[in-house]
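Every read-out reported here was derived from the displayed coordinates using simple, explicitly stated rules and does not represent laboratory data. None of the values given here were measured: they were computed from a predicted structure. When we count neighbours, we look across all protein chains shown, and the Cβ atoms used for this are built from the backbone with ideal geometry, even at glycine.
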Amino acid sequence: MSIRKAVLPVAGLGTRFLPASKAIPKEMITVVDKPVIQYVVEEALAAGIDEIVLVTHSSKKAIEDHFDANYELEAELERRGKTELLALLRDIAPARLKVSSVRQGRALGLGHAVYCARQVVGDAPFAVMLPDVLVAAAGDANDLQLMKEAFERSGRAQVMVEPVVWDQVHQYGVVDLAGQDLKPGQSAAMQRVVEKPPRADAPSNLSIVGRYLLPARIFDLLAVTPAGAGGEIQLTDAIAALMAEQGADAYRLRGRSHDCGSKLGYLEATLAYGLRHAQLAEDFQALLRRYAG
Ligand code: G1P
């Protein structure tokens, strides 16, 4: 069954990104010339996913506004004959994109956030995309699309992973592949998955990147998942329960991820996306050379 819906949990207050995230949602912070969340929605669209379910909070209205039409602005640009800008604006929310939102009234964890989307998602398999994380494609290969193909072939849940330095494993969900060597672009059965293990207990340095393809069964499991790491209801724990029932795979991305939830990760994303920007790349590179000297 083809996956058409993605759940984007955006209710978090973004304390890691203060002071920038005090009055604007952290998902609306700009990387080069677009808010972070726009890259994530573009990634979904490129993988054939066009129904976005935001799990949101009253302080995050700017996100819904960004994907809504802005009639006054469009009419003004049209009046002034600014066709390029108009196209840019309309590209943010192409006709096939549908955005809906549900509220997460209380911050009880990522698992709880995903559970809040249950009614809107229904019975079909769906994606979860954490908008703190940008996944930069390797060339033309969209990893989410490749992961979707793996899901369609095997019918098994897919969790995107990437190696991280061992010093950082305690910040992520980590997967156990029983020592199997997983090549970029491939999937393998997980033996175990643990949320934020201490380095000494981590089964590998393959961390969960923030992209998941899951069957609707996960909602039944989330409904009975007790609070785990950090006292929060963890999606990782529900995935461990799913794994015990029907197996689940880790998919190793070919591109690379940028964690825009951390300030240094955000700075690196700005460099990486500045250097691949169609109009700015060359001048930006010259600028970097000047600063490096
Ligand atoms: C969440 C997940 C974790 C995953 C991470 C990726 O953690 O719980 O398994 O590795 O996102 O960014 P958070 O960063 O919300 O603490």
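Worth pointing out:
- Within the set 230, 210, the sole residue that is in a helix (DSSP H, G or I) and within 10 Å of the ligand (Cβ to nearest atom) turns out to be 230.
- Residue in segment 169-188 that is among the polar types (S, T, N, Q), within 13 Å of the ligand (Cβ to nearest atom) and closer than 25 Å to residue 36 by Cβ present: yes
- Residues in segment 149-199 that are touching a strand residue (DSSP E or B) at 6+ places or on another chain (Cβ under 8 Å) and of a type in the set (Phe, Trp, Tyr) were compared, and the one that is farthest from residue 214 (Cα to Cα) is 172.
- Residue 277, sole failed condition from (1) in a helix (DSSP H, G or I); (2) more than 15 Å from the ligand (Cβ to nearest atom); (3) touching a residue at least 12 places away in the same chain (Cβ under 8 Å): (1)
- Applying the set (1) surrounded by 16 or more Cβ atoms within 10 Å (Cβ to Cβ); (2) in contact (Cβ under 8 Å) with a residue 40 or more places away in the chain; (3) within 18 Å of residue 128 (Cβ to Cβ) to residue 216 leaves exactly one unmet item: (1).
- Residues of segment 149-200 that turn out to be at positive phi and surrounded by fewer than 17 Cβ atoms within 10 Å (Cβ to Cβ), as a count: 4
- Members of segment 234-254 that are surrounded by fewer than 21 Cβ atoms within 10 Å (Cβ to Cβ) and either free of Cβ contacts under 8 Å to residues at least 24 places away in the same chain or part of a loop (DSSP other than H, G, I, E, B) (or both): 241, 244, 247, 254
- Flag for residue 23 being among the small types (Gly, Ala, Ser), within 21 Å of residue 59 (Cα to Cα) and in contact with a Cys (Cβ under 9 Å, 6 or more places away or on another chain): no
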